[in-house]
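Peer 1: Can you read through this structure? Questions will come right after.
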Amino acid sequence: MAAERFSWTRWWAIVLKEFLQLRRDRLTFAMIIGLPIVQMALFGYAINTDPRNLPTYVVSGDHSEFSRRLVSALQTSSYFRVEGTLPDAASADRMLRGGQAVFVLHIPPDFSRQLVRGEQPALLLDTDASDPLAPGMALAALNPIVEQVSRETLAGPLSALAPQPAPFSVMVHRLYNPENNTQYNVVPGLMGVVLTLTMVMMTGLAMTRERERGTMENLLATPVRPLEVISGKIIPYVAIGMVQSTIILLAAHWVFHVPFVGSVLAVYLVALLFIAANLTVGITLSSLAGNQLQAMQLTIFYFLPSILLSGFMFPFRGMPGWAQVIGEVLPLTHFNRLIRGILLKGSHWGELWPDIWPLLLFTVLLMGLAVTFYRRTLD
Amino acid sequence: MTLAIDVAGLNKHFGARHVVKDLNLQIGRGEIFGFLGPNGSGKTTSIRMLCGLLTPDSGHGQCLGFDLLREHREIKRRTGYMTQKFSFWDDLSIRENLDFFARLYQLPQRRRQVDAALERLGLCSRASQLAGTLSGGWKQRLALAACMLHEPELLLLDEPTAGVDPSARRDFWEELHRLAASGISVLVSTHYMDEAERCHKLAYIAWGQLLAQGSAASIIAGQALHTWQVSGAALNREMARLQHLPGVEQTVIFGSALHVSGRNEALLSASLQAACAQDQLTLQRIPTGLEDVFIHLMQSITDQTQGITDWTQRAPDQPAEATDGR
């Protein structure tokens, strides 16, 4: 039946209408451009998984050269910022409780004497582990510092007490991000986060807006088909998504100096696929929601797990199996791997495929769902 | 005459509410068919079922020769539907709205057709004005122009003249008659009696039930009402008194006069003549009007269905006091 076929004229009518409405909606337009810039500036500079200069206090009963050297070595490592000394353990406890100190180093009174006697005395480092991530990197740096200090101090006649080098050594190569630069991880990840938020929200509102304004009734009374409406409404947002991607990529390159090892074409193709996946989510939510407020709530409901379980904020491999399964369903998880793979590792298509087919599958399934949920009548 | 709309037994429920009950409707081609009834009587629901926006729970029929349930795409293609509330895009200009509709209906020579529509509307100079900034009358004209663009064979108009000034209403009806003369069938719902009288045929619907259908004259004749006009002083008080006289079924104040109607001509005449002579009222026999008939129809259905529809009113045998305490 001729009337049942997809009509490009009707589809184009929807596309044009959406573009016109978008152009008139200045605030939304400003948000589309402003949101990626603000988020980049905010998160790109703010998020740092390698915290340094953590406030440190010393409770020292031993004023030897060893303790002086240890404190200054901590300071120069840049992980610890030695704020001063404290008279006793009670005041140290107060500082930790009050949050003024993250670390308190206790050096017992006759530490250096015991050290010289070979009694292997212990130092105590109290740390505020209520946020386990904050002291992590500093603690990892601690043992090498101590080793270094011991070797330097226990020279000459005391060299027998110095730690013996291990019979073998482990070389660590930090590939793709040798300086452990958080921005290299966060900034490409932000691209996915910004796209998820704007794409899902904008299209989430697209259909409910028609319903709330009563224009849906008019649209339903015309011969336009669900697929024409849905795909037509999506197109302008694809363009918006590409503009946002470009803004973020430019900022990543010029402002944050994120390496760009892979191909630009690959980045854009992957971004296009990811945008499509998010738009189908938005349109599906839009078909489910009764009004714009509900659409917003559903967007948030979708957005939170996307951010928390996708490996954008917390390591994906740190999550239990069931959470990883949820994460694998979310497009942002795959996009994060893809974009980091292309930008930092220069992955080629074969290496990208394992994260591309889930996105393709997701998009096709959700599109089907959106068309199914699209209400053809006012019932 | 072939029928533009021929439906039988249409029913629609919204939850527990039975909104349209066994609707039968026959509308001829080139006919202006008026759809009347109080608010919430099921007019909009009926119209929406006819243009495929709502699926009837039961019933069958055809619209322009296409099956109402299976071929609503064909029906939509040939029907213009004007919603009760203005439902064009406020943030698109007049021309953009018309362009959008022209594309949706895949009109050939779109630009020329839209220009012609703007010309007919007299809106050429304001074509780039946003639709949301138009006044009520202009919005209505734009809506009519847009749903006429694809030259439909059937127009479904849901209270098109609500909130429109009298002169714009007159223009609108002249346009409708022109369209009907060119063979277009029109189903129009309205609350205005003067508009009802301009229709070729009428249907009166209340609480989802079609109470009368036919020409204005046949609907009036069908109720077999006889009406007298009573005028004089203190009509409100007179109304209360006259209501209880034998033969009086209905008293309605029309401006400065009282219309008293009843089916038993002789009884009513005798009662009124006696009452008017006593109170020095002027009595005049008048032809029964549409409005008298509709009020009569409303009353008869209210009397019939009161037990079902009026939940607030308890039956006298129910112990209402017991629940109220004291």
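Coordinate-derived values only; no laboratory data. Just so we're clear, the structure is a prediction, and the values are computed from it rather than from any experiment. Counting neighbours? That spans all protein chains shown, and the Cβs are built from the backbone with ideal geometry, glycine included.
Peer 1: Please report, in debye to the nearest 20, how large the charge dipole of region A:54-161 is about its Cα centre when each Lys and Arg carries +1 at its beta carbon and each Asp and Glu carries -1 there. Working shown, then result.
Peer 2: Numbers: 8 positive and 12 negative charges, 36 e Å.
Approximately 180 debye in magnitude.
Peer 1: Same structure, new question: Counting only helical runs of four or more DSSP H residues, what would the 222 nm mean residue ellipticity of chain A come to if each run contributes -39,500 (n - 2.57) and the total is spread over all its residues? Each step should come with its number before you reach the end.
Peer 2: Working: 14 runs with 231 residues, N = 379.
Per the formula, -20500 deg cm²/dmol.
Peer 1: Which FRET efficiency value, to the nearest 0.05, do you get for residue B:252 and residue B:135 by plugging their Cβ-Cβ distance into 1/(1 + (r/R0)^6) with R0 = 41 Å? Let's see the in-between values first.
Peer 2: Details: r = 34 Å, r/R0 = 0.82.
E(calc), rounded to 0.05, equals 0.75.
Peer 1: For every other residue with a beta carbon closer than 11 angstrom to the beta carbon of residue A:261, add +1 if it is Lys or Arg and -1 if Asp or Glu, then tell me the sum.
Peer 2: +2
Peer 1: Quick one: angle between helix B:136-148 and the longest Cα principal axis of chain B, in degrees between 0 and 90, rounded to 10, please.
Peer 2: That helix lies at roughly 60 degrees to the long axis.
Peer 1: Follow-up question, since we're still on this one. For the peptides A:188-200, A:228-240, A:339-351, what is the packing order when you average, over each peptide's residues, the other Cβ atoms within 10 Å and list the highest mean first?
Peer 2: Details: A:188-200: 25.2, A:228-240: 21.2, A:339-351: 17.9.
Ranking the peptides A:188-200, A:228-240, A:339-351 by packing returns A:188-200, A:228-240, A:339-351.
Peer 1: In degrees between 0 and 90, to the nearest 10, how far off the longest principal axis of chain A does helix A:8-24 point, with axes built from Cα atoms?
Peer 2: For helix A:8-24, the angle is close to 50 degrees.
Peer 1: Excluding residue A:162 itself, calculate the net charge of residues whose Cβ lies under 12 Å from the Cβ of residue A:162, where each Lys or Arg counts +1 and each Asp or Glu counts -1.
Peer 2: Values: positive: A:151; negative: A:147, A:152.
Net local charge, residue A:162 excluded: -1.
Peer 1: Where does the charge balance sit around residue A:374 when Lys and Arg score +1, Asp and Glu -1, over other residues with C-beta under 14 Å from its C-beta?
Peer 2: On the way: positive: A:211, A:225, A:233, A:375, A:376; negative: A:210, A:228, A:379.
That works out to +2.
Peer 1: If R0 is 30 Å, what FRET efficiency do you get for residue A:260 and residue A:164 from their C-beta distance, rounded to 0.05?
Peer 2: On the way: r = 45 Å, r/R0 = 1.51.
Calculated transfer efficiency: 0.10.
Peer 1: At a Förster distance of 45 Å, what's the computed FRET efficiency of residue B:106 paired with residue A:294, Cβ-Cβ distance as r, to 0.05? Spell out each step's value before the answer.
Peer 2: Values: r = 34 Å, r/R0 = 0.75.
With R0 = 45 Å, the Cβ-Cβ based efficiency is 0.85.
Peer 1: If you stretched the chain out fully between residue A:269 and residue A:351, how much longer would it get, using 0.36 nm times the residue separation minus the C-alpha to C-alpha distance? Provide the component values of the computation, followed by the final result.
Peer 2: Working: separation 82, 0.36 × 82 = 29.52 nm, distance 1.48 nm.
Full extension from residue A:269 to residue A:351 adds 28.0 nm.
Peer 1: Using the Karplus curve 6.51 cos²θ - 1.76 cosθ + 1.60 with θ = phi - 60°, what ³J(HN,Hα) values do you get for each residue of region B:7-21, in whole Hz, with x for Gly and Pro?
Peer 2: With the stated coefficients, region B:7-21 comes to 10, 9, x, 6, 10, 9, 10, 10, x, 8, 7, 8, 7, 10, 10 Hz.
Peer 1: Another question about this same structure. Rounded to the nearest 5, what % of DSSP beta bridges with both residues in the protein assembly as shown are antiparallel?
Peer 2: 60 percent
Peer 1: Right, another one. Answer with one residue from B:247, B:15, A:185: the one whose Cα lies farthest towards the positive end of the charge dipole of the protein assembly as shown, charges on Cβ with Lys, Arg +1 and Asp, Glu -1.
Peer 2: Of the options given, the answer is A:185.
Peer 1: So for the pair residue B:280, residue A:209, with labels modelled 7 Å out along Cα→Cβ, what separation do we get in nm?
Peer 2: Modelled inter-label distance: 7.0 nm.
Peer 1: Would you mind putting B:187-193, B:48-54, A:311-317 in packing order, based on average other-beta-carbon counts within 10 Å, highest first? Intermediate values should be presented prior to the final figure.
Peer 2: Numbers: B:187-193: 21.0, B:48-54: 24.4, A:311-317: 15.1.
For the peptides B:187-193, B:48-54, A:311-317, the packing ranking is B:48-54, B:187-193, A:311-317.
Peer 1: What average number of partner chain Cβ atoms lie no more than 10 Å from the Cβ of the residues making up B:101-107? Don't jump to the answer; show the numbers that get you there.
Peer 2: Numbers: counts 3, 2, 11, 12, 6, 6, 1.
Averaged over the peptide's residues, the number is 6.
Peer 1: Mark the label point 7 Å from the Cα of residue A:78 along Cα→Cβ and return the residues of region A:167-206 whose backbone N is within less than 14 Å of it.
Peer 2: Only A:178-183 pass the distance filter.
Peer 1: Enter the mean number of other protein chain beta carbons within 10 Å of the beta carbon of each residue in B:42-54, as an integer.
Peer 2: On the way: counts 0, 0, 0, 1, 0, 0, 6, 1, 0, 3, 5, 9, 4.
Rounded to a whole number, the mean comes out at 2.
Peer 1: List the residues, sorted by chain then number, that are 5 or more residues from residue B:4 or on another chain and whose placed amide H is less than 5 Å from its amide H.
Peer 2: B:27, B:28, B:29
Peer 1: So, one more: Give the shape of chain B as rounded, prolate or oblate, defined through the alpha-carbon gyration tensor: a ≥ b ≥ c are the square roots of its eigenvalues, a/c under 1.5 means rounded, and otherwise the shape is prolate if a/b is larger than b/c and oblate if not. All intermediate terms of the calculation are to be shown ahead of the outcome.
Peer 2: Values: a/c = 2.14, a/b = 1.71, b/c = 1.25.
It comes out prolate by the Cα gyration axes.
Peer 1: So, one more: Taking each residue in B:87-99, count the Cβ atoms of any other chain within 10 Å of its Cβ, then average. What number comes out? It would help to have the intermediate numbers written out before the result.
Peer 2: On the way: counts 9, 4, 9, 4, 8, 6, 2, 0, 0, 5, 2, 0, 4.
Mean shielding by partner chains, rounded to a whole number: 4.
Peer 1: Compare B:57, B:279, B:194 in a GNM of chain B, Cα atoms joined below 10 Å, and give the one with the largest fluctuation.
Peer 2: For chain B, modelled as a Gaussian network with Cα springs under 10 Å, the answer is B:279.
Peer 1: Under 10 Å, Cα contacts only: if you run a Gaussian network model on chain A, which one of A:91, A:169, A:306 comes out with the highest mean-square fluctuation?
Peer 2: A:169
Peer 1: If you don't mind, another one. With each run of n ≥ 4 DSSP H residues scored as -39500 (n - 2.57), what mean residue ellipticity at 222 nm is computed for chain B after dividing by its residue count and rounding to the nearest 500 deg cm²/dmol? Each step should come with its number before you reach the end.
Peer 2: Numbers: 12 runs with 129 residues, N = 326.
Using -39500 (n - 2.57) per qualifying helix, the result is -12000 deg cm²/dmol.
Peer 1: When a/c is below 1.5 the answer is rounded, else prolate if a/b is larger than b/c, else oblate, so apply that to region A:45-157 with a ≥ b ≥ c taken from the square roots of the Cα gyration tensor eigenvalues. Walk me through the numbers on the way to the answer.
Peer 2: Numbers: a/c = 2.32, a/b = 1.46, b/c = 1.60.
Oblate.
Peer 1: Kindly rank A:159-168, B:91-100, A:271-280 from highest to lowest mean number of other beta carbons found within 10 Å of each residue.
Peer 2: On the way: A:159-168: 8.7, B:91-100: 22.4, A:271-280: 25.3.
Listed from highest to lowest mean packing, they are A:271-280, B:91-100, A:159-168.
Peer 1: Under 17 Å from the 7 Å Cα→Cβ point of residue A:123, by amide nitrogen: which residues of region A:143-164?
Peer 2: A:143-155, A:161-164
Peer 1: Apply the Karplus parameterisation 6.51 cos²θ - 1.76 cosθ + 1.60, with θ equal to phi minus 60°, to every residue of region A:275-286 and state each ³J(HN,Hα) to the nearest whole Hz, in sequence, with x for glycine and proline.
Peer 2: Once θ is set to phi - 60°, the couplings for region A:275-286 become 4, 4, 4, 5, 5, 5, 4, x, 5, 5, 4, 4 Hz.
Peer 1: With unit charges on the beta carbons (Lys and Arg positive, Asp and Glu negative) and the dipole taken about the Cα centre of chain A, which residue among A:155, A:338, A:325 sits farthest to the positive side?
Peer 2: Going by the Cα projections, it comes out as A:338.
Peer 1: Here's another thing I want to ask about it. Suppose every Lys and Arg Cβ carries +1 and every Asp and Glu Cβ carries -1, with no other charges. What dipole size does chain B come out with about its Cα centre, to the nearest 20 debye?
Peer 2: Dipole of chain B, to the nearest 20 debye: 840 debye.
Peer 1: Indicate the gyration tensor shape class of region B:39-118 (rounded, prolate or oblate), computed on the Cα atoms with a ≥ b ≥ c the square roots of the eigenvalues: a/c under 1.5 is rounded; otherwise a/b larger than b/c is prolate and the rest oblate.
Peer 2: Working: a/c = 3.24, a/b = 1.62, b/c = 2.00.
The shape class here is oblate.
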